[in-house]
Amino acid sequence: MKKPFSLHVDVDAFLPASEEDKAYMVQMRPSSTFFKDGVKRLLKNKVATVSLMAIILITLASIILPFFWPYSYEQQLGVVPGKRVDASYNNLAPFAYGTTEQAMIDAGEKVFPHVFGTDAAGRDYFIRVVYGTRISLSVGFFASIIVLVIGILVGSVAGYCGGKVDLVIMRIVDMIYSLPDMLMVILLATVLKAALPDDILVGTVFEKIGTNILSLFIVFALLYWVSMSRLIRGQILSLREQEYVLAAQAAGAKGSWIISKHLIPNCISVVIISTALQIPSAIFTESYLSFLGLGVNAPMPSLGSLASDALNGITSYSYRLVIPAIVISLIVLSLNLLGDGLRDAFDPKLNA
Amino acid sequence: MNTKTLAYILKRIGLAILTVWVVVTVTFFVCQAVPGSPFVGEKATSPAVTAALEAKYGMDKPVLEQYITYLGDIILRHDFGPSIKLRGRTVASVIVEGMKTSVKLGLIAAGIALVTGVVLGAVAALRRNKIIDRVIMVITTAFVSMPSFIMGSLLMVVFVVKLSLLPANGSAQSGPAGLVLPVITLALYPAAYITRLTRSSMLDVLGQDYIRTARAKGVSGWRVIFGHALKNSLIPVITYVGPMLAYIVTGSLVVEQIFAVPGIGRYFVSSITGRDYPLIMGTTIVLAVLIVVMNLVSDILYKVVDPRITLE
């Protein structure tokens, strides 16, 4: 028995560690990456999660629904080749049927309901809203991708190179920044419509949606990248002074390597946030142009053109305006809230 | 004002002039790229008549010469040429007439947006996380997510179609009542935005040491709010004044369309659909100059108001 106050060295403490002891020291949790952390924080935020689910739901619905919906966005229900136009299909109220459909129902057949009725040309309104959502969402998404790519490219070069390159690029950015973007979009859309030959777009995605959306993309590519590139440049300017960049340079890394492997991954959070906030602004622009009659080509609908068309029958058919209005506000609202949530989740520094 | 501030202001003015020049040049050459003559309309005109018209408007000259003439006319005589679709009227006269209505509309909307935005934002910040703050934030978030034309159309459905409280038409016959809805439509988005801006900036300021110092000195609550907190939290709002007016200018294009207000936006939209290129060019340039100048003023004001901001 060992005395508690003995000064003798306890030999047991110097035995080699058993396997059990060693296992205790090993950190068994899988390491968490920055991205996983961010997602975890994002999912804790209820508002952001609900918005994310709303966006996913709307996107999936706009992709899947047209596949099994029995009507198409351009089919005028009262118009059958070789027969007189059946005007009873025009301006149907929600869940109402045209004469021939009513006859079929009376005969015991099942007819798919027109959930939102039909428009003035006898087209099923529900599927037009679905297609409009699809167009608006994809315009927003692709426009943001264009902005993202150009913004990152220019911003990182300006920020990393510094000096004269930075000065020249930033003067150009200042210039473009002060151009009135909306007016330029309208001008370009107006002119491109007249200037482009009609058959240039045949066979491309733009064949159905038209030159106006092409000009929207062009203007986004020309003008909207500036704020993104300013943001990236600012980030890179501060990151460039970090020790790990110096270490990489000392180890002989090239500029392109440092930009792509060290600098851009470190400003990814800023990029994610501003891209999420860019999409609603592109959707805004598209709907605004559609409203002025400079949006997608008829008969392809977009949410803006649906709202604009509905203005003509506003006294009798105000629901036709309210439906696309709600959808567009819902999309923009959830994207904005998601953007805020992303900022809180991926940029913990901002919370300080 | 020191020399550094002066240098900054001069630089910004130089940039603004450059921007306006780029806008004029781009507008001119983009409109030149349109094929066909503006005189080829529904009625067939003989080649001789077309040639005579083109000679009258100087369109038979080389493009570069036309450009220089156009630039000179604008700068020296404020002359944007004749409108093609509105017979017998010059573009300048159309713009001046439209501006009278639009400027009135825009200024009232901007004033309403500033006052309501600052008041609501300050209230929300002072009652942080209370029920009134929550309500204000939910409403403004909803308004910020709605494009102006949708807001306008919905207001129209509610107040004109369902309640028949206000006239749908904003033209001169309906009087001031006709302008209520257009003004509200234009003001809602900036008001919501300014509310959010003021709230976050006010919260930031309220956490500063000098506010605590003022309270510790025994300054009364209201004086702290108005004299110290509100004054300092308005600085970000000043930077937003430029973009806000730009928003109101572009927003008025659709709002004037919806409510049939005879302003410059309405002429701009009808010139687009009517392919009236001189009018398109004229209105684009005037509106662009307006936006650039407002951004310039707001930028300079920002630097002058807040001496802490370091100048490049």
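Here A:Ser305 fits the description: of a type in the set (Ser, Thr, Tyr) and more than 9 Å from chain B (Cβ to nearest Cβ).
How many of the residues in segment A:308-325 are within 14 Å of A:Ile127 (Cβ to Cβ) and either within 9 Å of chain B (Cβ to nearest Cβ) or at pLDDT below 80 (or both)? Walk me through how you get there before you give the answer.
Of segment A:308-325, the ones within 14 Å of A:Ile127 (Cβ to Cβ) are A:320, A:323-324.
Checking the rest, the ones that are also either within 9 Å of chain B (Cβ to nearest Cβ) or at pLDDT below 80 (or both) come to A:324.
Here the count works out to 1.
Between A:Ile135, A:Ile152, A:Ile146, A:Ile176, the distinction of being touching a residue at least 24 places away in the same chain (Cβ under 8 Å) and in contact with a Pro (Cβ under 9 Å, 6 or more places away or on another chain) belongs to A:Ile135 only. Contact annotation: residue pairs with Cβ atoms under 6 Å, 6 or more positions apart or on different chains, pairing a residue in segment A:114-127 that is open to solvent by less than 10 Å² (accessible area, probe 1.4 Å) with a partner that is acidic (Asp, Glu) and modelled with pLDDT of 75 or more, are A:His114/A:Asp124; A:Thr118/A:Asp124; A:Tyr125/A:Asp119. When each of B:Ile95, B:Ile108, B:Ile132 is tested for being open to solvent by less than 70 Å² (accessible area, probe 1.4 Å) and either in contact (Cβ under 8 Å) with a residue 12 or more places away in the chain or not small (Gly, Ala, Ser) (or both), the lone residue that passes is B:Ile95.
Being under 27 Å from B:Asn169 (Cα atoms), in a helix (DSSP H, G or I) and open to solvent by 40 Å² or more (accessible area, probe 1.4 Å) is the requirement here; does B:Leu290 meet it? The answer is yes for B:Leu290.
Quick check, is B:Leu163 surrounded by fewer than 17 Cβ atoms within 10 Å (Cβ to Cβ), within 13 Å of another protein chain (Cβ to nearest Cβ) and of a type outside the set (Val, Ile, Thr)? When the stated conditions are applied, B:Leu163 passes them. Every condition in (1) modelled with pLDDT of 85 or more; (2) surrounded by 16 or more Cβ atoms within 10 Å (Cβ to Cβ) holds for B:Gly242 except the one numbered (1).
Among the residues of segment B:70-88, which ones are open to solvent by less than 70 Å² (accessible area, probe 1.4 Å) and at pLDDT 75 or above?
B:Tyr70, B:Leu71, B:Gly72, B:Asp73, B:Ile74, B:Asp79, B:Phe80, B:Gly81, B:Pro82, B:Ser83
A:Ala298 meets each of the listed conditions (1) over 25 Å from A:Ile56 (Cβ atoms); (2) open to solvent by 10 Å² or more (accessible area, probe 1.4 Å); (3) assigned to a helix (DSSP H, G or I) apart from (3). One residue stands out among those in segment A:263-294 that are of a type in the set (Gly, Ala, Ser) and over 18 Å from B:Met146 (Cα atoms): the one that is nearest to the other protein chains (Cβ to nearest Cβ), which is A:Gly293. Restricted to segment A:210-290, the set of helices (runs of 4 or more DSSP H) holding at least 2 residues that are under 19 Å from the mean Cα position of the chain (by Cα) and of a type in the set (A, V, I, L, M) comprises A:211-219, A:225-240. Number of residues in segment B:117-155 that are within 25 Å of B:Tyr247 (Cα to Cα), within 14 Å of chain A (Cβ to nearest Cβ) and over 22 Å from the mean Cα position of the chain (by Cα) equals 3.
One line per residue, one yes/no per condition, for (1) over 30 Å from B:Val304 (Cβ atoms); (2) modelled with pLDDT of 85 or more; (3) away from chain A (no Cβ under 11 Å); (4) open to solvent by less than 60 Å² (accessible area, probe 1.4 Å):
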site	(1), (2), (3), (4)
B:Met1	no, no, yes, no
B:Val20	no, yes, no, yes
B:Gln32	yes, no, no, no
B:Pro35	yes, no, no, no
B:Phe39	yes, no, yes, yes
B:Ala44	yes, no, yes, no
B:Val49	yes, no, yes, no
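Of the listed requirements (1) touching a residue at least 60 places away in the same chain (Cβ under 8 Å); (2) open to solvent by less than 10 Å² (accessible area, probe 1.4 Å); (3) farther than 29 Å from A:Leu330 by Cα, B:Ala214 misses just one: (1). Going through (1) more than 12 Å from chain B (Cβ to nearest Cβ); (2) open to solvent by 20 Å² or more (accessible area, probe 1.4 Å); (3) in contact (Cβ under 8 Å) with a residue 12 or more places away in the chain one by one, A:Leu337 falls short only on (1).
With a requirement of 2 or more residues that are more than 20 Å from B:Gly81 (Cβ to Cβ) and within 11 Å of another protein chain (Cβ to nearest Cβ), the helices (runs of 4 or more DSSP H) lying completely within segment B:203-287 that satisfy it span B:235-259.
Total residues in segment A:60-86 satisfying the condition of being in a helix (DSSP H, G or I) and at pLDDT below 70: the figure is 0.
The values are calculated or read from the model by the stated rules, or taken from the named source; none is laboratory data. Bear in mind that the values here come from a model prediction, so they are computed numbers and not experimental data. Neighbour counts run over all protein chains shown; Cβ positions are idealised from the backbone, glycine included. Only protein heavy atoms, including side chains, enter the accessible area calculation; ligands, DNA and RNA are left aside. Shrake-Rupley method; radii C 1.70, N 1.55, O 1.52, S 1.80 Å.
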